Amino acid sequence: MNRNLLLLTVCQGLFLVNNVTFIAINGLVGLELAPHAWMATLPIMAYVVGGALAAPLVAATQRRLGRRGSFQIGLLVALGSALLAALAAQYQLFWLLVTATVVAGYYNANGQLYRFAATELTRPDWHEKAVSLVLAGGLLGAAIGPNLANWTRAVLPVPFVGAYLALAVVAVLAMGLMAMIPFPPAPDRGHEAPKGRPIGQIMRQPVFFVATLGTAIGYGVMNLLMAATPLVMDVYRFEFGHIATVLQWHVIGMYAPGFFTGHLIRRFGVLQVMGVGVLLMVVCVAVALSGTGMAEFTAALTLLGVGWNFLFIGGTALALRAYRPEEKDRAQAAINFWVFMTMAVTSFTSGAVAATSGWAWLNIGALPALLLTALALLWLGRRGLAPRSNTVPG
């Protein structure tokens, strides 16, 4: 851990404050403003759809302006979108709230690259640990996000307007910290610079395919269950403070393992760690199906978070083996595009299934995707393409 990596870790934490607060309140605000109950999670879906749409634009901005310039633009968008969401909540405008979260997706697409940027602030043999440690900064989101939503939801006459305004302050703080990180300069893009392979060729590699699948499915299943949790708990008459506590434990599960996931990958192998992530998500479904009390929600969402951590960090580490330094922008954009598209589908499905079929069927619906991921990991393992110790290109 060095000073620059520490600053990026804090920025990752503030990024998660934004994400967790959005998840904690957007579904509830959406439920209040939406014309129909099944549309309640549209503001959450809009956040990830905006991220998918912004992924190519963010990649182009990274190529042109480098890491810091692009990240600062993302934070400026976070500031503006938070203010727009506050305006939507104040005047009870559902479609303005959806628009605000689509715009906020640009920040989401930027923030998803923090983990890749971590590898540029350390030496090559620390890459897996750098990714893991920066993602561990999400603990800041666990500590602040749900509490921020709880503390600020009633500070103004209209519920949750204060929470959106607080996110604007968080964005300004993150801009100040990001300005202090001296990222390496953007690589030479002249005629003599290596261009790398076409994105189609990169994506056809078995390693890249499985890394993207594991990352996308891990995020998709996590989002499917997490996005519905506030709505389902509200149906079961839990207080918002209880909902915030469950989300807090979920985010702790997502990011606390980041302090040792990188070590586990180097010790046991990336496919093994990803496989444990799939298993933990299956156990999460089993716990969720066992009851709808506070203990079951807390345990299930915590297991869901740890399973996501192993799949997401493992998939990121595996993907690093599949592209060269000059190919990083297009490769990382492709991974994030599929992550966002999967999240967009599950965000919409989450609200619709929870409203029409219930919590049990929502959990059962996650199992086929987890089975597919397990089979893909076994297939790649049989091909012998994933050695025990990851080797990062460049």
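Overview of values
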| read-out | value |
| --- | --- |
| Rounded FRET efficiency, nearest 0.05, which uses the C-beta distance separating residue 180 from residue 90 and R0 of 30 Å | 0.35 |
| Protection proxy ranking of 214-223, 117-126, 286-295 - average other beta-carbon atoms within 10 Å, highest first | 214-223, 117-126, 286-295 |
| Zone residues, region 317-339, relative to residue 282, backbone N less than 11 Å from point 7 Å out along Cα-to-Cβ | none |
| Proxy reagent accessibility, fewest Cβ within 10 Å first, across 242, 250, 263 | 263, 242, 250 |
| Helix-derived mean residue ellipticity, 222 nm - over the chain, DSSP H n ≥ 4, -39500 (n - 2.57), to 500 | -26500 deg cm²/dmol |
| Sorted by Cβ neighbour density within 10 Å, fewest at the top, the residues 144, 243 | 144, 243 |
| Ranked 367, 362, 28, criterion: other C-beta atoms within 10 Å, fewest first | 367, 28, 362 |
| Check: the chain dipole with +1 on Lys, Arg Cβ and -1 on Asp, Glu Cβ, in debye | 1140 debye |
| Cα gyration tensor, the chain - rounded (a/c under 1.5), prolate or oblate | oblate |
| Given the chain, longest segment not containing exposed loop trypsin sites (Lys or Arg not before Pro) (DSSP; at most 14 other Cβ within 10 Å) | 1-188 |
| Sorted peptide list for 297-303, 166-172, criterion being average Cβ within 10 angstrom, highest first | 297-303, 166-172 |
| For region 11-16, 3J(HN,Hα) per residue [Karplus equation, 6.51 cos²θ - 1.76 cosθ + 1.60, θ = phi - 60°, Hz, x = Gly/Pro] | 4, 4, x, 5, 4, 6 |
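Each value in this text was obtained by applying a stated rule to the coordinates, not by laboratory testing. Nothing here was measured: the structure is a model prediction, and the numbers come from that model. Note that each Cβ is placed from the backbone with ideal geometry, even for glycine, and that neighbours are counted across all protein chains shown.
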